[in-house]
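Taking it in order: structure first as structure tokens, then the write-up.
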Amino acid sequence: MGRKPGSPKEKAAVAGRFARLWQWTAWPSSLSHRNRLCLAGVFFVVPALIHLVVFKFYPLLEAFRLSFYRYDLMSPPTFAGLANYKSLWENPLFHQSFWVSVKYMFGVSIAEWFLALGLALLLNRAMAGRSLIRLAYFFPIAMSQIVVAMVWKFMYHPHGLVNIILEFFGVDRINWLSTEETALPSLIAIGIWRGIPLFGVIYLAGLQAIPKDYYEAAMIDGAGVFQRFIHITIPLLLPTILFVMVISLLSAVKVFLNPLVMTEGGPNGTTRVLPYFIYETGFAYFRMGEAAAASVVLFVLVFGLTLILLRLLRRGDVQ
Amino acid sequence: MKRYLAARLSFCLVTLLMSTFAFSQKTTIIWWEHSNPPHNNYSKELVADWNAKNPNTPAQYEFFAMTPYFKKLTAALSTRSAADMFTLIDTLMPSYTTKNALAPIRPEWLGYKSLDDMKAHYVPGALDGYIYQGKLYAVPVVASVFSLYINAKHFREAGLDPEKDYPRTWEDIGRIGKKLVKMKGNKMDREAFDFAMHSSTWTMWYFNALIRQYGGEILDASGKKCTANSNAGVSAMKARAMFVLDYKISDPTVSVGTNALPADDLPKERISMFITHAGSVAQFGPEVMKDMKVVPFPQVNPQKPVTPIYGFAIAVNPQIPEAKQKLVHDLIKHVTKDPKGWYEKTSYPYPSKNFLELPGIGEARKTRYLDVFMTDITNGRFIQRSPQILEINGAIHRAMERVVLGGENPKKSLDQACKEINAALAR
């Protein structure tokens, strides 16, 4: 219902407004090609950046801030300085959890590095039903983690499948999850079983990227299987190996669900990993500040480990 | 005027749409509970009935596995995202009431004249565990107790009469258990008796009753100091471990492995005697219960009985507006209106005063061991109250694991537990 411009002056004013609007919407065209590419890149990255800032960096900084406060989840937080860190240092359960985490991390990862590589080498060979086997061994990783934990819990029961099989072979019943000696190794075994398929696939991709020519040339020169593995496969697979090392250590140190579902940290705290300790301290004992301080310690551990391994990874790349 | 016609029409349309939306908007009440199949099924029935009668204020019912549920509830309350009403276990009351995390219950909104009037409608002491500084913070729906379930078939097979030979004391359990245990080589094929090993809360229920039977307490009267390593505590821990270490009629590793429903070893006939709660009657079902008999909780001295009792009660979220709190009270009134319904569907005695006189309850007293449970409730005491109860439970549980699974000296283990408890109380 707006009035139509009548006079030439009014028409010119409207045209001017349109021109300015056009110029405004087309402003990137005034930029150089390089800058326009940069800008496009920024726009592509913005959603991921927002996700990182909101869901990763902000909680991280907030946890760090909270580690200096006394906070029971319901009353307002009060500043406590380094009291939470002091309390952690004096808490034997924290020390126990820290070492349980370290044992679990290396127990799972080191086995994964070798077993996944062995599996990948096996599956890299021509054999009947190779595709089917590859699909089958990938199943554990496709299963829900909570289902895996529950199934293994039933299997580890003193009257469960694992002991039934052992008893069939004349081996005495083992109390997998209820003795201090076997509980952590039992959880480590599940971690290894679940991790091998993923890392096996990564190794397999790395193996398949190695040109066949190198092996053929080595064979002509008379190199045996072991020599080809040591002098061709390992050096060319080194970046993949280091990548697997980083990822397996990081995923192992963050384990939480299996101890929660299968042992609740027991017996006598021998499976209470650091993430479980943090969860229990924060949400069961209402000491969120102390839980945040333990998270900071876990972060430092993970971050330090990542830095060391990334440095190794970079060296591997150079080589 | 024509040029404003479109704007006026648009305004009227928007106003009409908004008012229609406002009038048709429903106020949903969200209710959270812990997982317990018969209990959850009955709660769902009650919610369906409420929803049929109150279509504009429907209730939405959700339930979660017990241990993560209470952690989820705490996190939800702290982030103002908790349900409007939720069921709580009595042991957690101090943790919540001392942090103002619960809205006071208004007896007058539930149809009572006052809190005293409400108390008069319940079994004496039934509300005490939910009162803090003179105000009621939750309405109980379950009053439960631990009693001893025995497999009568196993008793008969062992030449015992389940009606006469059932154990009255802990020593009786050891003596009778020797006849019930079944070995296969050097491994126990069927346990005679065991305690549940899976959760620190269950450990505390047993241990708190045991230490009281020996005349002690876990905390001193002020609640600021651990006394679990007293002579009474050491005797209690020795009694807790003697079935594994001395009588050798228990294999605690079986109970550790049977999680979620700890009493599950009983219907599966892996065990002949087990201490569990009143709700197990409904959980097992009539077919399993044919072979079972429920007898009173074992004692150190049957002349001075102490049993562990606990309860679940409905609380109101203090973060919701007062009008909605009133609505939640209406739902609580609806949920708690039929004590007999609660009992029949869940097997948990309901703590209302006239409960045993209700029509039809007399039959249950004979057939569903209601009299045994009510006797144990009469001798019952709630777990000692502390805002740090979960840490205390954890320390006692680890102490028990060290003794029962690792064979550690009870005194040394309880000294360690007290060190941990005192540190928690001092924080």
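The values are calculated or read from the model by the stated rules, or taken from the named source; none is laboratory data. Just so we're clear, the structure is a prediction, and the values are computed from it rather than from any experiment. Cβ sites come from the backbone with ideal geometry, for glycine too, and all protein chains shown count toward neighbours.
Helices (runs of 4 or more DSSP H) fully within the range B:302-406 that include at least 1 residues being touching a residue at least 60 places away in the same chain (Cβ under 8 Å): B:322-335, B:339-346, B:370-378, B:389-404. Against the test of being on the phi < 0 side of the Ramachandran plot, at pLDDT below 90 and of a type in the set (A, V, I, L, M), the options B:Leu77, B:Leu115, B:Leu110 yield a single qualifying residue, B:Leu77. Annotation note: of A:Leu115, A:Leu187, the sole residue that is surrounded by fewer than 21 Cβ atoms within 10 Å (Cβ to Cβ), in contact with a helix residue (DSSP H, G or I) (Cβ under 8 Å, 6 or more places away or on another chain) and in contact (Cβ under 8 Å) with a residue 24 or more places away in the chain is A:Leu115. Among residues of the range B:363-383 being surrounded by fewer than 19 Cβ atoms within 10 Å (Cβ to Cβ) and within 15 Å of the chain's Cα centre (by Cα), the one that is farthest from B:Lys99 (Cα to Cα) is B:Arg381.
Conditions tested, residue by residue: (1) in a helix (DSSP H, G or I); (2) assigned by TED's automatic domain parsing to the domain that holds B:Ile389; (3) not aliphatic (A, V, I, L, M).
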{"residue": "B:Glu171", "(1), (2), (3)": "yes, yes, yes"}
{"residue": "B:Lys179", "(1), (2), (3)": "yes, yes, yes"}
{"residue": "B:Ala192", "(1), (2), (3)": "no, yes, no"}
{"residue": "B:Ala196", "(1), (2), (3)": "no, yes, no"}
{"residue": "B:Tyr206", "(1), (2), (3)": "yes, yes, yes"}
{"residue": "B:Ser222", "(1), (2), (3)": "no, yes, yes"}
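Return a yes/no flag: does the range B:327-337 have any residue that is closer than 22 Å to B:Met66 by Cβ, outside the structural domain of B:Leu110 (by TED's automatic domain parsing) and modelled with pLDDT of 95 or more. No: zero hits.
When B:Asp116 is tested against (1) under 21 Å from the mean Cα position of the chain (by Cα); (2) surrounded by fewer than 18 Cβ atoms within 10 Å (Cβ to Cβ), exactly one condition is not met: (1). Is it fair to say B:Ile275 is touching a residue at least 60 places away in the same chain (Cβ under 8 Å) and more than 22 Å from A:Thr179 (Cβ to Cβ)? Taking the combined requirement at face value, the residue satisfies it.
Within the range B:238-268, the set of residues being on the phi > 0 side of the Ramachandran plot and either in a helix (DSSP H, G or I) or modelled with pLDDT of 90 or more (or both) comprises B:Lys248 only. Number of residues in the range A:264-281 that are assigned to a helix (DSSP H, G or I), within 18 Å of A:Glu90 (Cβ to Cβ) and in contact (Cβ under 8 Å) with a residue 40 or more places away in the chain equals 2. Out of all the residues in the range A:109-116, is one or more among the aliphatic types (A, V, I, L, M) and within 11 Å of another protein chain (Cβ to nearest Cβ)? Within the range A:109-116 (the criterion being among the aliphatic types (A, V, I, L, M) and within 11 Å of another protein chain (Cβ to nearest Cβ)), the answer is no, since none of the residues qualifies. Within the range A:64-75, the set of residues being within 11 Å of chain B (Cβ to nearest Cβ) and out of contact with any Pro (no Cβ under 6 Å at 6 or more places or on another chain) comprises A:Arg70, A:Asp72, A:Leu73, A:Met74, A:Ser75.
Tell me, yes or no, whether the range B:38-53 has at least one residue that is modelled with pLDDT of 75 or more and assigned to a loop (DSSP other than H, G, I, E, B). No, the range B:38-53 contains no residue that is modelled with pLDDT of 75 or more and assigned to a loop (DSSP other than H, G, I, E, B).
Cβ-Cβ contacts under 8 Å between residues 6 or more apart (or on different chains), taken from a first residue in the range B:85-104 that is away from chain A (no Cβ under 12 Å) to a second residue that is among the polar types (S, T, N, Q) and assigned to a loop (DSSP other than H, G, I, E, B), are listed as B:Met85/B:Asn317; B:Phe86/B:Asn317; B:Ala103/B:Asn317.
Here the condition is being more than 14 Å from chain B (Cβ to nearest Cβ), under 31 Å from the mean Cα position of the chain (by Cα) and assigned to a helix (DSSP H, G or I); of A:Leu88, A:Leu60, A:Leu37, it holds for A:Leu60 alone. Looking at B:Gly360, is it surrounded by fewer than 15 Cβ atoms within 10 Å (Cβ to Cβ) and assigned by TED's automatic domain parsing to the domain that holds B:Arg212? For B:Gly360, the condition - surrounded by fewer than 15 Cβ atoms within 10 Å (Cβ to Cβ) and assigned by TED's automatic domain parsing to the domain that holds B:Arg212 - is not met. Here the range B:121-153 is the region considered, the condition is being part of a helix (DSSP H, G or I) and within 23 Å of the chain's Cα centre (by Cα), and the residue that is modelled with the highest pLDDT is B:Tyr130.
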